[in-house]
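Read the figures in this text as sums done on the coordinates, not as results from a lab. As the structure is a prediction and not an experimental result, all values here were calculated from the model. No Cβ is skipped: glycine too gets one built from the backbone with ideal geometry, and neighbour counts run over all protein chains shown.
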Amino acid sequence: MYRFAAMTVLLMMMALFHPKAHAEMKVVEADSTYIMGDNDSKVDARRIAMQEVKRKALEIAGTYVAGMTEVKNYQLTKDEIKTYTAGVMETDVESEQMRGTTEHPEIYIKARCTIDTGVLMKLIDRYQDNEDLKEQIESSARENEALRKERDALVQQLAAEKDKTKVEETRKKLDTALAKEETNDETTKVWTNLAYKFHENDESGHDVGQADLDKSARVLERAVRVNPQNARARFLLAVIYQKRGDYAAAENELRMVIQSNPSNPMPHLRLGILERERGRYEEALQEFHFVERIRPHNPMMLFYTGMTMKDVGRCGRAVKYLQRFIKHKRVSNFPRKKEQAMEAIEACGEEGGHQRRTRFR
């Protein structure tokens, strides 16, 4: 049984700045007390208490966020709301104390979690409009729950263990489980901030500076070392490597993601974009056609398939894909790509006209 003392969580919905001039900031305060057993280490006890503080804060914040999303008629699950919120929530430890008795010491942590609601709602707007990314948010929620259950089981096992050798083995397993939880939290933040830009090669992607990319890469590389099965971390790493010009490393990460989940269209789309950038047009088209079978109306698949068809001189098919892209309901999100698509269609028309005039001379 999990050995936590009573926890109180207070939701303080405070406007820290004037709402007309700044985004509204909401604050959640949470505290947690972890009662240590004979086999617990202080380090792991603190890490567990910290995870519980964040979990409880998300539970309460989720109630408020649910109300905000209902106003916009979003049909979000509880897990989706928590995952979105976790991506923008900043957590600061306000106090940390050792309590209890010598026989039963306790670690007490009080944290203050701040949420920028303006950033959060923009995030939800973007992700709700993208089926592929929305699926990844749902996957993230399932991963978090599985990791929490793994940690809980190991805590119970550690408390009941009498064999000192097995105690050490269980501690190592618990350390690994906690590291996975912690790096999963870090990955969620990076994913929340960058995935929609990277996945769609978003028009605002130029806003991501080199310093942010380098910092994100360090976080993601640590996540992959801790958990090689972290597909979201590998996906984002691939895009960062591609931006650095390290195509081999990018391809390796994407193929690892595809190997773990062959039916996920996201890494196939990204691999296609990578192959096109390298001049491997036929390989790129194979990836885009794979995405088309799963997501026949994906706007980025339509755009890149059309542009790649033009690259290899198949103007007739290129125009069909690019016209579908231009008519897509989300095309307004990509003004530069719409302009490129229209220019490509015009160029294909001129090329076709030139070929017809030459044939009848």
Got a sec to turn the phi values of the range 37-50 into Karplus ³J(HN,Hα) couplings, 6.51 cos²θ - 1.76 cosθ + 1.60 with θ = phi - 60°, whole Hz, x for Gly and Pro? x, 5, 9, 7, 9, 4, 4, 5, 4, 5, 5, 5, 4, 5
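Highest mean first, how do 300-308, 272-280, 142-150 rank when packing is the count of other Cβ atoms within 10 Å averaged over residues?
300-308, 272-280, 142-150
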May I ask you to order 96-103, 226-233 by the average number of other C-beta atoms within 10 Å around their residues, highest value first? 226-233, 96-103
Most positive-pole-ward Cα, Leu236, Ser260, Tyr247, against dipole of the range 144-262 from beta carbon charges: Ser260
Can you run phi through the Karplus equation (6.51, -1.76, 1.60; θ = phi - 60°) for the range 99-106 and list ³J(HN,Hα) in whole Hz, with x for Gly and Pro? 10, x, 10, 4, 6, 10, x, 10
Run the quick spin-label model on Ala159 and Glu145: label points 7 Å from Cα toward the beta carbon, then report their separation in nm to one decimal. 2.3 nm
Using unit Cβ charges (K, R positive; D, E negative) and no other charged atoms, how large, in debye to the nearest 20, is the dipole of the chain about its Cα centre? 1340 debye
Would you check the range 163-281 for Lys pairs whose C-alpha atoms are within less than 22 Å, ignoring same-chain pairs closer than 8 in sequence, and give me the count? 12
Among Met309, Thr188, Gly100, whose Cα lies farthest out toward the positive end of the dipole of the chain, if unit charges sit on the beta carbon of Lys, Arg (+1) and Asp, Glu (-1)? Met309
May I ask you to list the residues of the range 311-347 whose amide nitrogen lies under 15 Å from a point 7 Å from Cα along the Cα→beta-carbon direction of His297? 324-332
Whole-angstrom gap from the range 88-105 to the range 145-198, using each part's C-alpha centre: 19 Å
Over the alpha-carbon set of the range 216-346, work out the extent along each principal axis and list the three values in angstrom, largest first. 49, 28, 27
